[in-house]
Amino acid sequence: MKRTVWRALDDAAIQSELLSIAILHVKLALEHSNKNTLPCRKEVIRAEILRLRMERDRILERKA
């Protein structure tokens, strides 16, 4: 997996996609950790993070 990530980072377009996914993931994780975030919103956030992970894996598999 590490080798695939390094190869993917050589491609500027893929690097940009992965960076966008990572930024959104961090924002969602921060919102999820907020004590004022409602449980129903946390459920939506978890689903979105799962979707982002799947998208990341799809991008890396495409590059492999």
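Listing for the model above:
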read-out: Per-residue ³J(HN,Hα) for region 18-34, Karplus 6.51 cos²θ - 1.76 cosθ + 1.60, θ = phi - 60°, Hz, x for Gly and Pro; value: 5, 5, 4, 5, 5, 5, 5, 4, 5, 4, 5, 4, 5, 4, 4, 7, 5
read-out: Dipole magnitude of region 2-63 about its Cα centre (Cβ charges: Lys, Arg +1; Asp, Glu -1), debye to nearest 20; value: 200
read-out: Separation of the Glu55 and Leu30 label points, Cα + 7 Å toward Cβ, nm; value: 1.8
read-out: Table column - 3J(HN,Hα) (Hz), region 35-52, Karplus curve with 6.51, -1.76, 1.60, x for Gly and Pro; value: 5, 8, 6, 5, x, 5, 5, 4, 5, 5, 4, 4, 5, 5, 5, 4, 4, 5
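Every number in this text was worked out from the coordinates using simple rules, so none of it is lab data. Being a predicted model, the structure only gives us computed values, none of them experimental. We place every Cβ from the backbone using ideal geometry, glycine too, and count neighbours over all the protein chains shown.
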